[in-house]
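Undergrad: Let me begin by handing over the structure; questions about it come next.
The values are calculated or read from the model by the stated rules, or taken from the named source; none is laboratory data. Quick caveat: nothing in here was measured; it's all calculated off a predicted structure. Please note: Cβ atoms are built from the backbone with ideal geometry, for glycine as well, and neighbour counts cover all protein chains shown. Side chains included, ligands, DNA and RNA excluded: accessible areas come from the protein's heavy atoms. Shrake-Rupley method; radii C 1.70, N 1.55, O 1.52, S 1.80 Å.
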Amino acid sequence: VVKAFEMEIIPAERVVAQIGNRLTLTCNTTGCASPSFSWRAGMDNPLGGEVRNHRTYSTLTMNPVTTLNSHLYLCTVICDEKEKKEKHVKVELYSFPSDPIIEISPSLVAGEPATVNCKIPRVYPSNRLEVLLKKDEHNLHEENFFEDDSTKVVTKNVTHTFHPMVEDTGKEITCVASLPIADMDFEPKERTSSQKLNVTFGPQSTTITASPGSSPREGDSLTLTCVTQSNPPAQIVWSRRLAEGHIQHLIKNNVLSIPHAHFNDSGLYICEVINLVTNKTDKATVDISIQGAPVITKLSIEPSTTVLEGENVSIQCSAESNPPPKVILRRKFDNADTKPHSARRILLPSVTFQNGGDYECVAENKFGNRRSEITLNVKYGPKNTMITVIPTAALKEGETVTMKCTSSGNPAPVISWNKKNATGESEKISENATLTIQNLKSQDLGLYECEAYNEFGKDEKAVKLFIQARLEEPDQMIPLIIAFSSVAALVVPAVAIFVYVSRQAKINGSYSLVKALRLKM
């Protein structure tokens with residue numbers, strides 16, 4: 001059976017091709033042993049492809065397909081140079097090769113204008129393109145290009161300006177690009193892309209939480225937590241304002257811990273936050289007042305704890321606590337009794353040696369009390385020099401006599417003994433405070449001088465020794481008269497002491513009794 005001569009074009013009649021892809025049109029014959037093929041584009045346009053003839057079929061390949069290939073293509077077949085057949089196919093083109101590209105301002109700051117751009121690459125025909133911008137399910141912007149008369153493959157951009165808010169963080173911006181050509185069979189006709197929003201904001205609403213509170217007890221653990229709203233997370237710096245107004249920088253952390261709070265931890269704490277992207281700052285403060293027993297912050301003596309007699313002296317005491325303390329500054333005596341003197345300050349104009357000693361500061365409140373002591377050391381020259389003679393009764397030849405010299409001063413005076421010799425000159429006989437004469441003899445009689453001295457001056461006292469004499473009546477005795485003479489420290493004469501004998505007597509003893517003695521200084 002001889003088949004009749006037939007031809008076909010594959011694909012038949014109409015084909016939809018994407019620009020940039022490969023398209024092959026095949027012209028096929030049956031019933032003809034030696035067909036002759038030819039291809040022609042409508043309106044005699046260039047084919048825009050490569051023709052290859054085979055024994056029973058011919059192909060026209062367009063690689064890649066371009067806008068020049070949008071034609072009606074005609075395949076003509078002549079069989080044995082006698083019979084001719086023709087068929088055509090219409091090539092329709094589109095370009096929608098990839099999803100949209102979303103470009104958003106690199107830094108989205110809450111409340112400030114931001115730009116989102118949706119780029120649709122290599123689209124054709126552009127006059128059929130529709131674009132929708134959405135934020136989650138909320139439509140932001142719609143745009144079409146119906147008026148576009150471009151005949152080329154183009155990239156389209158849709159730009160929209162909006163004001164992102166804090167609550168937009170994490171939401172998605174979606175670009176929906178559609179090429180809804182109803183009579184063209186291709187997929188996809190809709191392409192989408194999404195990008196999550198990262199909105200930078202803050203810092204704002206900064207707060208400080210103090211645990212267990214802003215007035216903890218001394219010794220408690222104190223935790224200060226700084227919370228702020230910020231994206232990206234803010235840098236947090238803690239500092240404290242000191243009493244003098246200076247700022248003490250502490251740590252860079254959102255939590256500031258004080259394991260054992262002390263009174264000197266009280267103060268205004270500042271949490272400063274900064275967003276390094278927005279370059280904005282915020283801060284919060286909390287006033288911490290540690291409650292507890294008083295702390296004595298100052299106990300001092302001006303100009304110094306060691307002064308010279310006659311200087312002006314100020315003693316001051318300061319204490320701090322919450323609640324405020326009651327402060328008493330007082331003199332403390334040797335018997336441990338205390339005598340209230342003044343609150344917080346004592347002024348001693350022209351200080352005397354009697355003002356020297358220990359001073360005590362007492363600070364108290366409902367949580368307890370604190371005590372502190374300081375010593376005022378007053379330097380002065382020797383004073384109140386005194387001589388004591390033992391025995392105090394009448395002296396007799398051969399007895400032992402002890403004379404003790406005492407004197408006050410600061411530093412403690414050095415005491416020495418001098419004796420007037422026959423020429424009236426003083427001769428140092430001892431450098432001890434106590435002078436002992438054993439087996440009292442006539443050469444031991446005379447004037448003895450006690451000298452007390454330190455770096456601030458000297459003081460002197462004198463005593464004259466007499467020995468008891470025997471009277472005509474054995475039972476009547478003239479007592480030994482011991483006269484003391486005070487010699488003023490360094491220069492001035494003192495009081496003359498007269499020694500009177502109660503009655504005249506004829507002396508039978510070994511030594512003469514002096515009737516009266518006047519000592520001069």
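Undergrad: Checking Cys226 against (1) farther than 30 Å from Pro349 by Cα; (2) open to solvent by 50 Å² or more (accessible area, probe 1.4 Å); (3) outside any loop (DSSP other than H, G, I, E, B), which single condition isn't satisfied?
TA: (2)
Undergrad: Quick one: would you say Pro324 is out of contact with any Gly (no Cβ under 6 Å at 6 or more places or on another chain), under 23 Å from Gly368 (Cβ atoms) and open to solvent by less than 40 Å² (accessible area, probe 1.4 Å)?
TA: Spelling it out, it is not the case that Pro324 is out of contact with any Gly (no Cβ under 6 Å at 6 or more places or on another chain), under 23 Å from Gly368 (Cβ atoms) and open to solvent by less than 40 Å² (accessible area, probe 1.4 Å).
Undergrad: Sticking with this one: If you take the residues in region 407-427 that are modelled with pLDDT of 90 or more and open to solvent by 60 Å² or more (accessible area, probe 1.4 Å), which one is farthest from Ala462 (Cα to Cα)?
TA: So, considering only residues that are modelled with pLDDT of 90 or more and open to solvent by 60 Å² or more (accessible area, probe 1.4 Å), the one farthest from Ala462 (Cα to Cα) is Ala412.
Undergrad: Open to solvent by less than 30 Å² (accessible area, probe 1.4 Å) and within 30 Å of Leu256 (Cβ to Cβ), is that true of Gly381?
TA: So Gly381 fails the test.
Undergrad: Scan region 358-373 and give yes if some residue there is modelled with pLDDT of 90 or more, open to solvent by less than 70 Å² (accessible area, probe 1.4 Å), in contact with a Gly (Cβ under 7 Å, 6 or more places away or on another chain) and under 26 Å from Asn454 (Cβ atoms), otherwise no.
TA: Here is the first cut: in region 358-373, the ones modelled with pLDDT of 90 or more are 358-373.
Now narrow it down to the ones that are open to solvent by less than 70 Å² (accessible area, probe 1.4 Å): 358-363, 365, 367-368, 372.
Subset that is in contact with a Gly (Cβ under 7 Å, 6 or more places away or on another chain): 367.
Among the residues that remain, those that are also under 26 Å from Asn454 (Cβ atoms) are: none.
Checked region 358-373: no residue is modelled with pLDDT of 90 or more, open to solvent by less than 70 Å² (accessible area, probe 1.4 Å), in contact with a Gly (Cβ under 7 Å, 6 or more places away or on another chain) and under 26 Å from Asn454 (Cβ atoms).
Undergrad: Evaluate the following for Arg22: is it modelled with pLDDT of 95 or more and open to solvent by 40 Å² or more (accessible area, probe 1.4 Å)?
TA: Answer is yes for this residue.
Undergrad: Something else now. Does region 253-310 hold any residues that are in a strand (DSSP E or B) and of a type in the set (Ser, Thr, Tyr), and which are they? So that I can check it myself, show each step before the final result.
TA: Of region 253-310, the ones in a strand (DSSP E or B) are 255-258, 267-275, 280-288, 291, 295-302, 306-308.
Within region 253-310, Ser257, Tyr269, Thr281, Thr285, Thr297, Ser300, Thr306 qualify.
Undergrad: Scanning region 241-263 for residues that are touching a strand residue (DSSP E or B) at 6+ places or on another chain (Cβ under 7 Å) and open to solvent by 80 Å² or more (accessible area, probe 1.4 Å), which turns out farthest from Ser105 (Cα to Cα)?
TA: Arg241
Undergrad: Okay, moving on. For the subset of region 446-467 comprising residues that are of a type outside the set (D, E, K, R) and open to solvent by 50 Å² or more (accessible area, probe 1.4 Å), which member is modelled with the highest pLDDT?
TA: Tyr453
Undergrad: Okay, next question. From the list Thr278, Thr285, pick out the single residue that is touching a Cys at 6+ places or on another chain (Cβ under 8 Å) and of a type in the set (Ser, Thr, Tyr).
TA: Thr285 is the lone residue from the list that is touching a Cys at 6+ places or on another chain (Cβ under 8 Å) and of a type in the set (Ser, Thr, Tyr).
Undergrad: Evaluate region 159-180: report whether one residue or more is farther than 30 Å from Cys226 by Cβ, acidic (Asp, Glu) and over 47 Å from the mean Cα position of the chain (by Cα).
TA: Within region 159-180, none of the residues are farther than 30 Å from Cys226 by Cβ, acidic (Asp, Glu) and over 47 Å from the mean Cα position of the chain (by Cα).
Undergrad: Does Ile274 satisfy the condition of being surrounded by 16 or more Cβ atoms within 10 Å (Cβ to Cβ) and touching a Pro at 6+ places or on another chain (Cβ under 8 Å)?
TA: Spelling it out, Ile274 is indeed surrounded by 16 or more Cβ atoms within 10 Å (Cβ to Cβ) and touching a Pro at 6+ places or on another chain (Cβ under 8 Å).
Undergrad: Moving on. At pLDDT 95 or above, closer than 20 Å to Asp136 by Cβ and in contact with a helix residue (DSSP H, G or I) (Cβ under 9 Å, 6 or more places away or on another chain) - does that describe any residue in region 181-196?
TA: no
Undergrad: Find all pairs meeting these conditions: Cβ atoms under 6 angstrom apart; at least six residues apart or on different chains; first residue within region 103-127 and assigned by the TED database to the domain that holds Val166 and in contact (Cβ under 8 Å) with a residue 24 or more places away in the chain; second residue open to solvent by 60 Å² or more (accessible area, probe 1.4 Å) and among the charged types (D, E, K, R).
TA: From residues that are assigned by the TED database to the domain that holds Val166 and in contact (Cβ under 8 Å) with a residue 24 or more places away in the chain, the pairs are Asn117/Glu103.
Undergrad: Is there any pair linking a residue in region 8-27 that is without any contact (Cβ under 8 Å) to a residue 24 or more places away in the chain to one that is surrounded by 15 or more Cβ atoms within 10 Å (Cβ to Cβ) and not hydrophobic (A, V, I, L, M, F, W, C), with Cβ under 7 Å and at least six apart or on different chains, and which?
TA: If the second residue must be surrounded by 15 or more Cβ atoms within 10 Å (Cβ to Cβ) and not hydrophobic (A, V, I, L, M, F, W, C), the pairs left are Ile10/Thr26; Ile10/Asn28.
Undergrad: Restricting to region 206-223, what's the tally of residues that are in a strand (DSSP E or B), touching a residue at least 40 places away in the same chain (Cβ under 8 Å) and open to solvent by 50 Å² or more (accessible area, probe 1.4 Å)?
TA: Matching residues across region 206-223 total 2.
Undergrad: Sort out which residues of region 230-240 are surrounded by 17 or more Cβ atoms within 10 Å (Cβ to Cβ) and in contact (Cβ under 8 Å) with a residue 40 or more places away in the chain, and write them in order of number.
TA: Residues satisfying the conditions are Ser230, Asn231, Ala234.
Undergrad: While we're on this one: Would you please name the residue that is most open to solvent (accessible area, probe 1.4 Å), looking only at residues in region 291-317 that are of a type in the set (S, T, N, Q) and under 14 Å from Phe263 (Cα atoms)? Working first, answer last.
TA: Step one: list which residues in region 291-317 are of a type in the set (S, T, N, Q), which gives 291, 297, 300, 304-306, 312, 314, 316.
Okay, now just the ones that are also under 14 Å from Phe263 (Cα atoms), so 291, 297.
Numbers: Gln291: 46, Thr297: 77 Å².
Ranking the qualifying residues of region 291-317, first place goes to Thr297.
Undergrad: Could you check region 119-164 and list, in sequence order, the residues that are in a loop (DSSP other than H, G, I, E, B), β-branched (Val, Ile, Thr) and open to solvent by 70 Å² or more (accessible area, probe 1.4 Å)?
TA: Thr151
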